[in-house]
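See below for the structure under consideration.
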Amino acid sequence: MLHFELNKDFTINLVKTTENYLIKSHDNRLKIKRVIETINHGNLPLIPEATPENLKKISWLDNKFVSDKQGLEIVVQLFVIESNNKIVIIDTCIGNHKDLTYKPWANRQYKFLDKIHAAGVDRSKVDYVVCTHIHLDHIGWNTTKVNNIWETTFPNASYIFSEKEFQHAKKFENKLHGNIIEESINPVIKRGQATFINPPYSIDNNITIIPTPGHTPGHMSVVVNYDHLSIIITGDTIHHPCQIACPEWNSYYEFDKDLSIKTRRRILEKNAGQNSIVIGSHFPGSSFGKIIKDGDKYSFDISYNEYEQKN
Ligand SMILES: [Zn+2]
């Protein structure tokens, strides 16, 4: 375990294993861990400009971020924040038995619930589930099919969605992705577990949901404050670390391309420096690091990250 001094008042323990805590404060008041559902090694169509030639020009982008085939390493995962005696899940990945238009992810049968359990998460004790946006890879495990009925996977949680996002997704994303509203949102509403918000919205003193529109109209990111440290889980505002070097590179899936770039730049500007940790929801490896600003250029520093150093 590595003690990293963020400033003289504060240290944080960064834990090496990918399947355990990503981040744990020295006093155990804050833990952020993740559960990986799937890793894509370079063959997911994602960012048109991220060609092997262009990626080679980004000096700090090494094989931790780009696979042997020179494609982008992409992880689908959920995050579990334990803070102030609350358990908050951020995004719920792809899910099982889902009717999705993207066939490699449709009708999956993967023992992800066992993985959640193995990560030490009691599903019945989860207080909140936050969906950064309503795309197929962020809402899937909202629900689980039991005896042919969609049950909520986290039976006592309040599920938080952006109201604007929901209105958009009903009209637009649902047809694009498959049956995501019927399978992954409506059962949550039916059980009285859905909360629709207009961010910014604070869950408690430490956790705030902020609007980061562009990728989708109601896209949200999650900021966790701990002493002087700010940790942001960026959802799909930044899909891959290459977009830290090139914030103007959009994915194929941006709803509003100009706004996506603007939001990405805003996130980078605001979180550059010592007191912020950025967690990219789809970033490979440990998924977290520090944004370094040099002139008008940004890079991603994972040098204090023991997992990355040893792997
Ligand atoms: Zn995504």
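Only the coordinates and a few stated rules stand behind these numbers; no lab work does. Note that this is a predicted model, so its numbers are computed, not measured. A quick note on method: Cβ atoms are made from the backbone with ideal geometry, for glycine too, and the neighbour counts reach across all protein chains shown.
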5 Å is the cut-off here: which amide hydrogens, built 1.01 Å from N in the peptide plane, fall below it relative to residue 143, excluding neighbours closer than 5 in sequence? 153
Calc'd 3J(HN,Hα), the stretch 71-84, phi into Karplus 6.51 cos²θ - 1.76 cosθ + 1.60 (θ = phi - 60°), Hz, glycine/Pro = x, comes to x, 7, 7, 9, 10, 10, 8, 10, 10, 10, 9, 10, 7, 6
Pop a pseudo-label 7 angstrom from the Cα along the beta-carbon direction at both residue 189 and residue 297 and give the gap in nm to one decimal. 4.8 nm
Contour minus end-to-end for residue 28 and residue 175, with contour as 0.36 nm per residue of separation and end-to-end as the Cα-Cα distance? 48.6 nm
Directionally averaged projected area (convex hull, Cα atoms, the chain), nm²: 14.9 nm²
Residues with beta-carbon under 13 Å from that of residue 130, excluding residue 130: net charge, scoring Lys, Arg +1 and Asp, Glu -1? -3
Within the set 120, 178, 280, GNM on the chain using Cα springs under 10 Å gives the largest fluctuation to 120
With θ set to phi - 60° and the Karplus curve 6.51 cos²θ - 1.76 cosθ + 1.60, what are the ³J(HN,Hα) couplings of the stretch 168-182 in order, to the nearest whole Hz, using x for Gly and Pro? 5, 5, 4, 7, 10, 6, 4, 5, 5, 9, x, 10, 5, 5, 5
Between the stretch 159-214 and the stretch 53-116, how far is it from one alpha carbon centroid to the other, in angstrom? 19 Å
Which of the lysines could be linked to residue 24 by a straight reach, that is with a Cα gap under 18 Å, when you skip same-chain ones fewer than 8 residues away? 8, 16, 33, 86, 290
In the stretch 217-294, what chymotrypsin sites (Phe, Trp or Tyr not before Pro) fall in a loop by DSSP, with at most 16 other Cβ atoms inside 10 Å? 252, 253
How high is the relative contact order of the stretch 81-168? Use alpha-carbon pairs under 8 Å, at least six apart in sequence, and give a whole percent. 33 percent
Ranked from highest to lowest mean number of other Cβ atoms within 10 Å per residue, what is the order of the peptides 100-107, 214-221? 214-221, 100-107
Ranked by GNM mean-square fluctuation in the chain (Cα springs under 10 Å), the top entry among 155, 247, 52 is 52
Hypothetical label at residue 204: residues of the stretch 153-172 whose amide nitrogen lies under 18 Å (7 Å Cα-Cβ projection): 156-160
Expected unfolding gain across residue 149-residue 265 under the 0.36 nm per residue rule, minus the alpha-carbon gap, is 37.5 nm
Can you tell me how much longer the chain between residue 258 and residue 127 gets when fully stretched, taken as 0.36 nm per residue apart minus their C-alpha distance, in nm with one decimal? 43.6 nm
Just check the stretch 170-311 against the gyration tensor rule for me: Cα atoms, a ≥ b ≥ c as the square roots of the eigenvalues, rounded for a/c under 1.5, and otherwise prolate or oblate depending on whether a/b exceeds b/c. prolate
Excluding residues on the same chain fewer than 8 positions from residue 262, give the lysines whose Cα lies under 18 Å from its Cα. 270, 293, 297
Nearest 500 deg cm²/dmol is fine: what mean residue ellipticity at 222 nm does the chain get from its DSSP H runs of n ≥ 4 alone, each adding -39,500 (n - 2.57), divided by its residue count? -4500 deg cm²/dmol
